[in-house]
């Protein structure tokens, strides 16, 4: 029960139309039937959110593996 309307958070959303293969659509419908999400749009939102999180983690891991360019420029140039 909502006791105060000033505590309601409004989230602005935009509609995006995405063509799906029959197999992807079957998978989306299956996830809705399984109760993973309340509707097809929520399945896609969850999948996109997870994908974006994975991309962010990959970017951090890639950056962590980049060589450090700290130190004396002459000794760094010799390494090249």
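Quick note: the coordinates plus some simple rules give every number you see, no bench work behind them. Here the structure is a predicted model, which is why all the values come from computation and not from measurement. Please note: Cβ atoms are built from the backbone with ideal geometry, for glycine as well, and neighbour counts cover all protein chains shown.
Data overview
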| read-out | value |
| --- | --- |
| Scope the range 14-30; condition under 21 Å from the mean Cα position of the chain (by Cα), part of a helix (DSSP H, G or I) and farther than 15 Å from residue 46 by Cβ; matching residues | 25 |
| Selection from the range 39-75 of residues that are more than 19 Å from the chain's Cα centre (by Cα) and either assigned to a loop (DSSP other than H, G, I, E, B) or closer than 29 Å to residue 12 by Cα (or both) | 66, 67, 68, 69, 70, 71, 72 |
